[in-house]
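Chemist: Here's a structure for you.
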Amino acid sequence: MTKTNDEYDVIVVGAGAAGLAAAAHLGRNGKSVCILEARDRIGGRILSVRPRGAAMPLELGAEFIHGESPAIFEQLRLAGDLAIDAAQTRYRVPQPGHMKRSEDLFETMKERLQSIPKPRADLPFAEFLEKNQKRLSPTVRAFATMLVEGFDAADPKRASAIEILKEWGGGSAADAPTFRPQRGYGALMDSLAGSLDPAKSCVQLECAVNEVRWRKGEVIVGFTRHGEPGSVRAAQAIITLPLSVMQLPALAPGSVLFTPALPKKQVPLSRLLMGPVVKLVLCFSRPFWAELDDGMHRDVAFFHAQGAPFPTFWTTLPVRAPVLTAWTGGPNAARLGMRGTDEVLRPALASVAEIFGKRRDYRRMLEAVYWHDWQSDPYSCGAYSYSGVGGGPARRQLAKSVAQTLFFAGEALDEEESSSVGGALNTGQRAAKELLQG
Ligand SMILES: Cc1cc2nc3c(=O)[nH]c(=O)nc-3n(C[C@H](O)[C@H](O)[C@H](O)COP(=O)(O)OP(=O)(O)OC[C@H]3O[C@@H](n4cnc5c(N)ncnc54)[C@H](O)[C@@H]3O)c2cc1C
């Protein structure tokens, strides 16, 4: 039986943004912390790769900063890094090969939606659109569906209409100013991990946690490492497991057994869903899109082709590089997920041809493709959370601590910036503060 150094003040399960933020805060406040992480790396759903010779990191997970997230900007400041404005010019492709500058459909959609009475009882977003067919044009309905699927990674037939309308009614991430960390999200996580005091904290990689045994004031976390069982003991624990891992039925492969069980978490867990995303980073020999139509599209950041297998592409602007990112979320991504690279690349290149015309041999121009299958990965089982029908209070309920002993964090638990790195950092810090106050 492997035992890591037996006694810590706090065990943090998961070394993603939430876990690292929690550990850093606890460490600054004098607590000894053991972070147990299943993967052989930190960062969780942040995965920056830097192929040999590449001038910039490629993000296979989180990439953008949506809005001026205070937690991310503070982390950037501490890391000595900057946020770079991401370009926003959008083109859509109403017919294959024909591009049109996108008028601001988001504002139009918001206005139309605001003119409709809010539903009193929650219902699936698709049903809400159907009920309001007469008041919402087909263009607005199609745009709203694309946004729910593509941005929220949600299935409109399951997503909460009330929560989507709330998201778009306020300062929504979907139309907030967007940035990227200059050195990439991976560097931000490295800096966060680097801020941990090695005398008091340890990050144990390749420790797949399978049990959390607890009573007030004591937690024993069981894990396997290279096939060997191990355990760590502490007075308290912060659990930052992704929603989808928390949702696994007890004793299912990859599940984490809480003993005693946490019955109050079951209803909120059933009200949130994990959305799928397929994101491919396509590195070409040259930026062919910038050369089309006498360079007319050289300053375009996003290309949208509704109905294509990959309806969204973006460039690296303001940085100029021959790199296009293909993105699909929601039901489309669920259909594409869990396949080999060639099987996802084929529809991605078909979508490229739909947008940029069929005359070029895009496969020949493609030098490399990078992606991560977040759906099949047992430590994420999806990309990020969204709220199902009746899921309004679920995030808050899941974030509630138990007996001042178990604390919870992770993007799915944040009400302000859920589904994002900002949300994950917020909850990690909040859980650590709550623990320290007890
Ligand atoms: C393709 C993609 C694109 C995205 N784009 C953006 C974006 O542009 N902007 C943005 O803000 N957000 C984006 N996100 C979402 C963002 O990445 C997440 O919201 C955030 O990183 C979640 O952090 P977390 O700490 O809550 O969870 P995680 O990062 O998932 O951390 C949880 C950790 O727990 C570990 N773990 C899981 N099971 C176990 C176990 N049994 N034992 C031990 N450890 C375990 C995991 O390995 C992981 O390291 C994207 C996500 C994906 C997948």
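Chemist: Answer yes or no: is there a residue in the stretch 153-174 that is closer than 27 Å to Val13 by Cβ and assigned to a strand (DSSP E or B).
Modeler: no
Chemist: Here's another thing I want to ask about it. Can you report the number of residues in the stretch 190-239 which are closer than 30 Å to Gly80 by Cα, of a type in the set (Asp, Glu) and surrounded by fewer than 17 Cβ atoms within 10 Å (Cβ to Cβ)?
Modeler: Qualifying residue count for the region: 2.
Chemist: Also: Could you list all residues from the stretch 101-110 that are modelled with pLDDT under 80 and surrounded by 12 or more Cβ atoms within 10 Å (Cβ to Cβ)?
Modeler: Those that are modelled with pLDDT under 80 and surrounded by 12 or more Cβ atoms within 10 Å (Cβ to Cβ): Ser102, Leu105.
Chemist: Oh, and also: Do we find that Ile84 is under 30 Å from Phe143 (Cβ atoms) and either under 18 Å from the mean Cα position of the chain (by Cα) or of a type in the set (Lys, Arg) (or both) in this structure? Write out each step before concluding.
Modeler: On the way: under 30 Å from Phe143 (Cβ atoms): yes; either under 18 Å from the mean Cα position of the chain (by Cα) or of a type in the set (Lys, Arg) (or both): no.
For Ile84, the condition - under 30 Å from Phe143 (Cβ atoms) and either under 18 Å from the mean Cα position of the chain (by Cα) or of a type in the set (Lys, Arg) (or both) - is not met.
Chemist: On to the next question. Mind checking which pairs have a first residue in the stretch 325-345 that is within 28 Å of Ala86 (Cα to Cα) and a second that is among the hydroxyl-bearing types (Ser, Thr, Tyr) and part of a loop (DSSP other than H, G, I, E, B), Cβ under 9 Å, 6 or more apart or different chains?
Modeler: Going by the 9 Å Cβ cut-off, the qualifying pairs are Thr325/Thr315; Thr325/Thr316; Gly337/Ser376.
Chemist: Still on this model: Checking Ala71 against (1) within 15 Å of the ligand (Cβ to nearest atom); (2) closer than 19 Å to Ser201 by Cβ; (3) of a type in the set (A, V, I, L, M); (4) outside any strand (DSSP E or B), only one condition comes out false. Which one?
Modeler: (2)
Chemist: Across the stretch 227-243, what is the total count of residues that are more than 13 Å from the ligand (Cβ to nearest atom) and of a type in the set (A, V, I, L, M)?
Modeler: 2
Chemist: Which helices (runs of 4 or more DSSP H) does the stretch 231-303 wholly contain that include 1 or more residues that are among the charged types (D, E, K, R)?
Modeler: In the stretch 231-303, the matching helices (runs of 4 or more DSSP H) lie at 266-271, 288-291.
Chemist: Can you pull out every residue in the stretch 122-137 that is of a type in the set (A, V, I, L, M), touching a Ser or Thr at 6+ places or on another chain (Cβ under 9 Å) and part of a loop (DSSP other than H, G, I, E, B)?
Modeler: Across the stretch 122-137, the qualifying residue is only Leu123.
Chemist: Among the residues of the stretch 369-392, what is the count of those that are surrounded by fewer than 19 Cβ atoms within 10 Å (Cβ to Cβ), part of a strand (DSSP E or B) and within 8 Å of the ligand (Cβ to nearest atom)?
Modeler: 0
Chemist: So in the stretch 45-56, with the set limited to residues that are modelled with pLDDT of 95 or more and in a loop (DSSP other than H, G, I, E, B), which one is nearest to Leu324 (Cα to Cα)?
Modeler: Filtering the stretch 45-56 for residues that are modelled with pLDDT of 95 or more and in a loop (DSSP other than H, G, I, E, B), the one nearest to Leu324 (Cα to Cα) comes out as Leu47.
Chemist: Next question, about the same structure. Filter the stretch 4-44 for residues that are in a helix (DSSP H, G or I), within 15 Å of the ligand (Cβ to nearest atom) and surrounded by fewer than 24 Cβ atoms within 10 Å (Cβ to Cβ) and give the result.
Modeler: His25
Conditions (1) under 30 Å from Asp293 (Cα atoms); (2) not aliphatic (A, V, I, L, M), marked per residue:
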residue	(1), (2)
Met56	yes, no
Ile72	no, no
Ile84	yes, no
Arg120	no, yes
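Chemist: Out of everything in the stretch 25-46 that is out of contact with any Lys or Arg (no Cβ under 8 Å at 6 or more places or on another chain) and among the hydrophobic types (A, V, I, L, M, F, W, C), what residue ends up being nearest to Leu78 (Cα to Cα)?
Modeler: This residue is Leu26.
Chemist: If you don't mind, there's one more thing I want to ask. Under 8 Å by Cβ, and 6 or more places apart or on different chains, what pairs join a residue from the stretch 243-267 that is closer than 22 Å to Glu218 by Cα with one that is part of a loop (DSSP other than H, G, I, E, B) and of a type outside the set (A, V, I, L, M, F, W, C)?
Modeler: Cβ pairs passing all conditions: Ser255/Pro249; Lys264/Lys400.
Chemist: While we're on this one: What are the residues in the stretch 414-438 that are closer than 24 Å to Arg213 by Cα, assigned to a helix (DSSP H, G or I) and more than 8 Å from the ligand (Cβ to nearest atom), if any?
Modeler: Of everything in the stretch 414-438, those that are closer than 24 Å to Arg213 by Cα, assigned to a helix (DSSP H, G or I) and more than 8 Å from the ligand (Cβ to nearest atom) turn out to be Gln429, Arg430, Ala431, Ala432, Lys433, Glu434, Leu435, Leu436, Gln437.
Chemist: Looking at the structure I just gave you, is Gly275 crowded, with 21+ Cβ neighbours inside 10 Å, closer than 30 Å to Gln429 by Cβ and either free of Cβ contacts under 8 Å to residues at least 24 places away in the same chain or not polar (S, T, N, Q) (or both)?
Modeler: Judged against the criteria, Gly275 is a match.
Chemist: Let me ask something else. When you go through (1) away from the ligand (no atom under 12 Å from the Cβ); (2) closer than 30 Å to Glu37 by Cβ; (3) surrounded by fewer than 24 Cβ atoms within 10 Å (Cβ to Cβ) one by one for Arg360, which number turns out not to apply?
Modeler: (2)
Chemist: Can you find a residue that is closer than 23 Å to Val267 by Cβ, of a type in the set (Ser, Thr, Tyr) and in the same structural domain as Ser419 (by TED's automatic domain parsing) anywhere in the stretch 238-247? Full working, then the answer.
Modeler: Initial filter on the stretch 238-247 (closer than 23 Å to Val267 by Cβ): 238-247.
Imposing the further condition that a residue be of a type in the set (Ser, Thr, Tyr) reduces the set to 240, 244.
Those still in the list that are in the same structural domain as Ser419 (by TED's automatic domain parsing) too: 240, 244.
Yes.
The values are calculated or read from the model by the stated rules, or taken from the named source; none is laboratory data. These figures come from a predicted structure and were not determined experimentally. Here the Cβ is made from the backbone with ideal geometry for all residues, glycine too, and neighbour counts use every protein chain on show.
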